[in-house]
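For reference, the structure is listed below as structure tokens.
The values are calculated or read from the model by the stated rules, or taken from the named source; none is laboratory data. Computed from a predicted model, the values in this text were never measured in an experiment. No Cβ is skipped: glycine too gets one built from the backbone with ideal geometry, and neighbour counts run over all protein chains shown.
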Amino acid sequence: MRTRVWAASAALLTLLAAGCGSRLPESDFTGRPTGPVGPSDTSPLRVGIITSETSPVGGEAFTGPRDGARAYFERLNADGGIGGRKVEVHTCDDGGSGVGNNECVHKLVDEQKVVALVATTVLDYDGAPRVSEAGVPDIGGQPIGPAYDTYPHLYSIYGSLAPREGGKAGWDGKQYGGTEIYRYFKREHGARTAAVVSYNQAASAGYAQLITRGLKAEGYKVVTEQVDLALPNFRAVAADLKQQGADLVFDAIDTHGNAQLCKAMDQVGIEVTAKVTNAQNWNSAVEEDYRDAPRCRNALWVTGASRNFQDPQAKEFRDAMKGAGRLSQWQLEGWAAAMWFTDAARSCAPDGITRECVDAYMQRDEPYDAGGLLIPVVFEQRPEPPGTRRTCLSVARWQDGKGWLTEGGDMNANCFEVPQLPYEQ
């Protein structure tokens with residue numbers, strides 16, 4: 001299932017921030033797109049980044065895309081900006097709540113009048129309808145909820161085939177994901193038995209059901225395990241996984257939970273072909289995060305829709321992030337989102353960089369790959385959901401002393417024609 005489905009996985013923690021309270025009044029959202037700016041304008045270009053930095057999930061859970069985008073814009077400004085205009089980045093922490101998200105949208109869209117939002121990464125995108133109504137392109141956001149498959153002018157980092165007319169998400173409330181991840185491990189490693197671990201929380205359990213359906217569609221025997229979100233007993237889960245003889249372990253849990261699960265797996269002596277995680281956990285801090293689980297740590301695999309941040313083609317990103325501490329795939333995707341905006345703005349520069357012009361670039365028919373960092377992204381607005389689709393994926397595995405090693409060959413050739421399964425968020 002293409003990593004865009006981490007939308008659902010990250011959303012497993014959305015209910016922790018469900019106390020949204022009352023919304024801001026409609027009168028607070030009367031801003032409209034700014035008028036054209038002449039080509040001779042040298043004033044700063046304002047862009048906004050909304051992040052759930054202080055959400056209940058923790059301080060580092062959602063900040064990667066923001067940090068990658070800022071690093072790109074800093075390097076861009078050092079090289080002269082876009083058509084002589086520097087990019088002025090305005091960030092806003094929505095606290096992981098719907099009310100906070102609406103406040104950030106109001107601040108950036110109506111008060112700061114940003115030309116675009118970039119690398120949005122939030123738990124509750126309650127302000128998405130306001131962004132769409134204002135005609136503000138939201139470029140390269142992480143689809144943690146259904147907004148990017150619902151509203152026009154919102155462009156997920158992973159693309160969308162949905163109509164996006166502002167009603168129900170996807171097609172009549174259903175979104176779709178493929179089975180390419182499970183097909184890959186069956187083809188390359190002969191895996192036949194897979195376990196799916198989730199929390200006893202609605203979004204986590206829902207995503208686990210989606211993984212389970214995908215695995216069964218690919219012919220796997222599936223073992224499901226569920227732990228209490230507040231008091232998880234990962235030792236009991238690990239013992240059962242050993243008894244069931246699981247080849248693969250998938251999860252719908254967070255980074256901390258994954259580390260605890262791996263520790264328990266090492267304690268009971270379970271060995272698997274792969275402990276498969278997602279792009280949100282794809283970072284350089286594996287040895288630190290999984291320090292108590294050396295066996296499981298070296299069985300970690302990850303799949304995604306962007307090039308391994310350790311790949312030679314990502315060198316410029318790594319150079320720009322030196323001194324930033326841990327590197328992550330979400331930082332790379334934030335970098336790609338900022339590049340996407342920059343390419344759009346450059347196309348507009350001769351006649352004036354406006355919201356309308358940037359949005360028109362985003363609606364082009366041509367796929368976008370951020371200079372080879374993304375599997376080509378498309379926005380097609382199909383009236384009917386696809387039954388099958390050719391989908392490619394990026395795969396890597398962790399090895400102590402070497403980090404994340406790319407597997408499966410180049411991501412643009414590691415492709416499968418697979419069924420598309422419906423899910424709801």
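Remarks
- Scanning segment 182-221 for residues that are buried (at least 21 other Cβ atoms within 10 Å of the Cβ), in a strand (DSSP E or B) and not aromatic (Phe, Trp, Tyr) gives 194, 195, 196, 197, 198.
- Meets criteria (in contact with a strand residue (DSSP E or B) (Cβ under 6 Å, 6 or more places away or on another chain) and either at pLDDT below 95 or not in a helix (DSSP H, G or I) (or both)) for residue 302: yes
- Filter result for the condition that a residue is among the aliphatic types (A, V, I, L, M), touching a helix residue (DSSP H, G or I) at 6+ places or on another chain (Cβ under 7 Å) and on the phi > 0 side of the Ramachandran plot, over 162, 128, 119: 119
- Of all positions in segment 135-142, at least one carries a residue that is among the small types (Gly, Ala, Ser), in contact with a helix residue (DSSP H, G or I) (Cβ under 7 Å, 6 or more places away or on another chain) and part of a loop (DSSP other than H, G, I, E, B).
- Of all residues in segment 45-90 being without any contact (Cβ under 8 Å) to a residue 24 or more places away in the chain and over 18 Å from the mean Cα position of the chain (by Cα), the one that is farthest from residue 317 (Cα to Cα): 80
- Candidate set: segment 44-68, residues that are of a type in the set (Val, Ile, Thr) and part of a strand (DSSP E or B); chosen: the one surrounded by the most Cβ atoms within 10 Å (Cβ to Cβ): 50
Conditions tested, residue by residue: (1) under 13 Å from residue 359 (Cβ atoms); (2) at pLDDT 95 or above; (3) touching a Leu at 6+ places or on another chain (Cβ under 6 Å).
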| residue | (1), (2), (3) |
| --- | --- |
| 129 | no, yes, no |
| 142 | no, yes, no |
| 145 | no, no, no |
| 153 | yes, yes, no |
| 156 | no, yes, no |
| 160 | no, yes, no |
| 165 | no, yes, no |
| 171 | no, yes, no |
| 176 | no, no, no |
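- Within segment 91-112, the set of residues being under 14 Å from residue 45 (Cβ atoms) and either surrounded by fewer than 17 Cβ atoms within 10 Å (Cβ to Cβ) or free of Cβ contacts under 8 Å to residues at least 12 places away in the same chain (or both) comprises just one member, 112.
- Single residue of segment 372-415 satisfying the filter (in contact with a helix residue (DSSP H, G or I) (Cβ under 9 Å, 6 or more places away or on another chain) and of a type in the set (S, T, N, Q)) that is surrounded by the most Cβ atoms within 10 Å (Cβ to Cβ): 394
- Residue 264, sole failed condition from (1) among the aliphatic types (A, V, I, L, M); (2) buried (at least 20 other Cβ atoms within 10 Å of the Cβ); (3) touching a Lys or Arg at 6+ places or on another chain (Cβ under 9 Å); (4) at pLDDT below 95: (4)
- When residues in segment 143-159 are screened for being under 13 Å from the mean Cα position of the chain (by Cα) and among the hydroxyl-bearing types (Ser, Thr, Tyr), 4 of them pass.
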